[in-house]
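Notes follow the structure.
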Amino acid sequence: MTGQPTWRSVEADVDIPPLPKVATTRMLVEWAGASGDFNPVHYDMSFSRAYGVDGPIVQGALKRQWLIQLITDWMGDEGTLKKFSCKYRTVDYPRNMKTVDEPEDGETWLCKGKIKKKYESNGEPLVECAVWVENGKGEVTTEGKATVVLPR
Amino acid sequence: MLPEEVKNLVGKVLSTSKFEVEKQSIKRFAEAVGDKNPLYRDEEYARKSRYGSIIAPPGFISSVWFWEDTSGQTPETTALKSTGLLGLMLTLAEAGYPNIIDSGIDYEFFHPVRAGDTLKSTVVIKDIRERKSEEGNLVFLITDTSYTNENGDEVAKTRWTTIHR
């Protein structure tokens, strides 16, 4: 975190500090438990193959939540997330676990964002940002948009 | 084939449910994301913030779909396997669309969600339609959900799109 941004201080085309994430099989199960979404495609090998993918896939909603964290980390305690939307473009596969709490080497995802515009609406100082998740190859697997109220 | 009774759900309230926002569920949710924001876990920190108490991360409310308690309610139509959104999805599975693809979500946030809140959610079917594709028919389901807190304030609304094949 780099301190509380203000509406005056931010400019369009400026990048939001990226947030690295590593998805692991363990994390997918943790997310299933925390979110209540127990679709077996996220933890069962034969079920996910029958579904048409190569193995358990990362929950879209977990990637959504990564992107929400990207924005809330950046906007600070005085910022307010007003709108958020995202679309899941393609699947991601988690890293397997090497030990109980350590993942195998492999892919690291990067949550990224860019300020698209700042404007006022109904007297509110607003900032619109593009956000996306890049996989280890630099491909965008999830993309979205966030609208934030910042202190002036 | 999509049962006619299911198609007729468009525009209707599918379910309403109540959900208690517990401190421990917020913490577990934030931990599952790897989000260390003290507003979600540190009471002292949250008390001194402009919120005055622990809040839930934006997006936490989507868990209501999966935890919703619709016991005592009857399904909207006899075509549904059970109540609520999961009941509709199970019905789609039986109708030949067992695989769920989460396509994306839109949120509008109006008020913070606090630990201790009791949220009421109302799920409305915005659209449900079949489309042909080369790999067989797909069902596009669009669900609008509104969340209000115990003061009657709408805290958020969402539009969720899933594809069933």
Notebook entry, point to check: Can you tell me which residue in region A:26-43 is farthest from the other protein chains (Cβ to nearest Cβ), limited to those that are within 17 Å of the chain's Cα centre (by Cα) and in contact (Cβ under 8 Å) with a residue 60 or more places away in the chain?
Noted result: A:Leu28
Next item on the list: Look at region B:45-66 and say how many of its residues are assigned to a loop (DSSP other than H, G, I, E, B) and closer than 19 Å to B:Thr16 by Cα.
Entry: 1
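Regarding region B:50-64, can at least one residue be identified that is of a type in the set (Lys, Arg) and either over 25 Å from A:Thr72 (Cα atoms) or within 14 Å of chain A (Cβ to nearest Cβ) (or both)?
yes
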Notebook entry, point to check: Scanning for something at the interface with another protein chain (Cβ under 8 Å from one of its Cβ atoms), of a type in the set (Val, Ile, Thr) and either in a strand (DSSP E or B) or within 22 Å of B:Tyr147 (Cβ to Cβ) (or both), does region B:31-41 turn up at least one residue?
Noted result: yes
Check: Could you say which residue among B:Val123, B:Val155 is modelled with pLDDT of 95 or more, in contact with a helix residue (DSSP H, G or I) (Cβ under 8 Å, 6 or more places away or on another chain) and either within 14 Å of chain A (Cβ to nearest Cβ) or buried (at least 17 other Cβ atoms within 10 Å of the Cβ) (or both)?
Finding: B:Val155
Margin query: Of all residues being in contact with a strand residue (DSSP E or B) (Cβ under 7 Å, 6 or more places away or on another chain) and free of Cβ contacts under 8 Å to residues at least 24 places away in the same chain in region B:19-39, which is nearest to A:Leu110 (Cα to Cα)? Just the residue, please.
Written below: B:Gly34
Notebook entry, point to check: Looking at A:Gly60, A:Gly36, which is the one that is closer than 18 Å to B:Phe60 by Cα and either in contact with an Asp or Glu (Cβ under 8 Å, 6 or more places away or on another chain) or aliphatic (A, V, I, L, M) (or both)?
Noted result: A:Gly60
Check: With (1) more than 14 Å from chain B (Cβ to nearest Cβ); (2) in a loop (DSSP other than H, G, I, E, B) as the list, and A:Ile16 as the residue in question, which single condition is left unmet?
Finding: (2)
Note to self: I'd like to check something: does region B:5-13 contain any residue that is within 12 Å of another protein chain (Cβ to nearest Cβ), in contact with a helix residue (DSSP H, G or I) (Cβ under 7 Å, 6 or more places away or on another chain) and buried (at least 20 other Cβ atoms within 10 Å of the Cβ)?
What the structure shows: no
Note to self: If A:Gly113 meets every condition in (1) surrounded by fewer than 21 Cβ atoms within 10 Å (Cβ to Cβ); (2) in contact with a helix residue (DSSP H, G or I) (Cβ under 6 Å, 6 or more places away or on another chain); (3) among the small types (Gly, Ala, Ser) apart from one, which number is that one?
What the structure shows: (1)
Check: Which of the residues spanning region A:83-102 are more than 28 Å from B:Ile100 (Cα to Cα) and either within 11 Å of chain B (Cβ to nearest Cβ) or of a type outside the set (Ser, Thr, Tyr) (or both)?
Finding: A:Lys98, A:Val100, A:Asp101, A:Glu102
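The values are calculated or read from the model by the stated rules, or taken from the named source; none is laboratory data. The shown structure was predicted, so the numbers you read here are calculated from the model rather than taken from an experiment. Because the Cβ atoms are built from the backbone with ideal geometry, glycine has one as well, and the counts that use them run over all protein chains shown.
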